[in-house]
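Any read-out appearing in this document is the output of simple, stated calculations on the displayed coordinates, not a laboratory observation. Just so it is clear, the structure is predicted and the values come from calculations on it, not from any experiment. Positions of Cβ are backbone-derived with ideal geometry, glycine not excepted, and every protein chain shown enters the neighbour counts.
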Amino acid sequence: MTDKLVFIADQNDAFCKVVTGWLEEVGLQTKIFNDTELCLNTIDQNPSAICMEMNTEGSVGLSGLKFLKRLRLANRDIPILVITENEKLESAVEAMKLGAFDYIVKPLKKTRLIYSSQRAIEIHTMVNKIDRLQGEIQKTNVYKGIVGQSSI
């Protein structure tokens, strides 16, 4: 995983530049994708988070919930922040069911995006550390000889 890399998937260049500026101000690296298929094909770079625009009508590649589903299939662990103009509760519930970390309605506020991005990365980092440490514990088997098996 590249340290604190955030993918930004949106067809609107101006919006991507604003989001990039905000995130880079707080030390995050960003990579912009105007093509959702390209974003999916680059998922092996293991970003720390993904900011995706839900309203991607007319965009290159997949749109909206289809893109979110494919991101989840490609990598279950990466937190995804959904940014949208859709205030409907049903849309938010569906996105969260599909695994979105956060659902942010436009107009986008700088502090909300930064906080949510940093929190997503923090949780993602902790989960990765826990997984790694659990793997190390299983390899060392520190309880060998202490815990036995009994037929009782």
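Quick rundown of the values:
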{"quantity": "Only Lys, Arg (+1) and Asp, Glu (-1) charged, at Cβ; region 30-118 dipole about Cα centre in debye", "calculated": "220 debye"}
{"quantity": "Longest DSSP-loop-exposure-free segment, trypsin sites (Lys or Arg not before Pro), the chain, at most 15 other Cβ within 10 Å", "calculated": "1-75"}
{"quantity": "Given charges at Cβ of Lys, Arg, Asp, Glu: the chain dipole, positive-most of THR30, ASN86, GLY99", "calculated": "GLY99"}
{"quantity": "Of the DSSP H helices in the chain, those whose Cα atoms cover at least 20 Å axially and whose Kyte score averages -1.0 or more", "calculated": "110-140"}
{"quantity": "Fewest-first ranking of CYS39, CYS51, using other Cβ atoms within 10 Å as the exposure measure", "calculated": "CYS39, CYS51"}
{"quantity": "Highest-fluctuation residue, THR125, THR20, THR111 considered, GNM on the chain with Cα pairs under 10 Å", "calculated": "THR111"}
{"quantity": "Two-site FRET efficiency, LYS110 against GLN45, from Cβ-Cβ distance with R₀ of 35 Å, rounded to 0.05", "calculated": "0.85"}
{"quantity": "Proxy reagent accessibility, fewest Cβ within 10 Å first, across SER116, SER48", "calculated": "SER116, SER48"}
{"quantity": "The chain - charge dipole about Cα centre, Lys and Arg +1 at Cβ, Asp and Glu -1, debye rounded to 20", "calculated": "520 debye"}
